[in-house]
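Everything below concerns the one structure shown next.
The values are calculated or read from the model by the stated rules, or taken from the named source; none is laboratory data. Only a predicted model underlies this, so the values are computations on that prediction, with no experimental measurement involved. All Cβ positions, even for glycine, are placed from backbone atoms using ideal geometry, and neighbour counts span all protein chains on display.
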Amino acid sequence: MIDSYELLLTQYISKEDFFRFGLEKTIYIPTDKVEAEWQSLKNNIANNKAVFIRGFKTSTGMHLASDFYSKVFGNKQVKKDPSNTQNPAKIIEKLTGYKKANDLKNYQLTSIFGRSRNILAFCAPWNIVYIPSVLDPLLSVDAHTDLANEYKKRFMQHSYEKFKPYIDEFNEMVSNHQFKKSMDEYFQTLFDDGHFDKKEMMAFENTIREDFAPIKF
């Protein structure tokens, strides 16, 4: 297989220089603003205020998500993001002062750790960055080359070190025994009820369990 990025990095510039460029030129939300926005997100969840997730492909998926968050988190205001990026974009624009359409060229909005159907992660300020567009192919979920895997690992490690207290807190929340018990009980009740198509329920459960897994790399 011929990888054009490998050709670039072996014949014209070094891989280390390219990776360093990607890490240094990524635009993160300032740490002090991350603290306040993270507290605000948690408060909105706890106080039954509007919070957002990436939409599901089917109306059943979104219906199940609303039911899950209502019963497990006590929040009945979980909404589908209109464009799947609108609310994360608003947050990073507000907290960095950079609006992609006006202030940046060849930058992409991206989620560092994914988990877009998780209300604790989709709009979490430690999970939203602008990356140079030239790095986007290496961070795609479909990119599985050695080069992409190496950069993804460095990128996530670099981001984790930058926001360690908040990511550790997230990991503790989703690993908490009581939370995991509540989630298990919810899915058991859902399958016992049998109201929805079994394949759709299984697909929904897999998505939720993946998005509520601790962040490891």
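Give 146, 103 a once-over and let me know the one that is of a type in the set (Asp, Glu) and under 22 Å from residue 5 (Cα atoms).
Going through 146, 103 in turn, just one is of a type in the set (Asp, Glu) and under 22 Å from residue 5 (Cα atoms): 146.
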* Structure fact -> Pairs returned, first residue in the range 182-207 that is more than 17 Å from residue 118 (Cα to Cα), second residue that is not in a helix (DSSP H, G or I), beta-carbon separation under 8 angstrom, 6 or more apart or interchain, are 190/196; 200/58
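Just checking, how many residues over the range 54-112 are aliphatic (A, V, I, L, M) and either exposed (fewer than 15 other Cβ atoms within 10 Å of the Cβ) or more than 19 Å from the chain's Cα centre (by Cα) (or both)?
Going through the range 54-112 one residue at a time, the tally reaches 4.
How many residues, within the range 56-80, are small (Gly, Ala, Ser) and at pLDDT below 95?
Residues flagged as small (Gly, Ala, Ser) and at pLDDT below 95 within the range 56-80 amount to 2.
From the list 37, 24, which one is charged (D, E, K, R), within 18 Å of the chain's Cα centre (by Cα) and at pLDDT 95 or above?
Answer to the check: 37.
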* Structure fact -> By residue number, the members of the range 166-191 that are out of contact with any helix residue (DSSP H, G or I) (no Cβ under 9 Å at 6 or more places or on another chain) and buried (at least 17 other Cβ atoms within 10 Å of the Cβ) are none
* Asked: Give me the pairs: first residue in the range 143-156 and over 17 Å from residue 17 (Cβ atoms), second residue assigned to a loop (DSSP other than H, G, I, E, B) and of a type in the set (D, E, K, R), beta-carbon distance under 6 Å, and six or more apart or on different chains, which are they?
  -> 145/3
* Structure fact -> Cβ pairs under 8 Å, 6+ apart or interchain, first in the range 40-65 and farther than 9 Å from residue 79 by Cα, second hydroxyl-bearing (Ser, Thr, Tyr), ordered by first then second residue, are 56/207; 61/207
* What number of residues within the range 67-117 are touching a residue at least 40 places away in the same chain (Cβ under 8 Å), touching a Lys or Arg at 6+ places or on another chain (Cβ under 7 Å) and part of a loop (DSSP other than H, G, I, E, B)? -> 3
* Asked: Given the structure, is residue 163 surrounded by 15 or more Cβ atoms within 10 Å (Cβ to Cβ) and over 23 Å from residue 18 (Cβ atoms)?
  -> yes
* **Complete set of residues in the range 118-137 that are among the hydroxyl-bearing types (Ser, Thr, Tyr), modelled with pLDDT of 95 or more and in a helix (DSSP H, G or I)** => none
* Asked: On the given criteria, is residue 49 closer than 22 Å to residue 169 by Cα, among the charged types (D, E, K, R) and either in a loop (DSSP other than H, G, I, E, B) or more than 18 Å from the chain's Cα centre (by Cα) (or both)?
  -> yes
* Count of the range 100-127 residues which are more than 19 Å from residue 214 (Cβ to Cβ) and β-branched (Val, Ile, Thr) -> 1
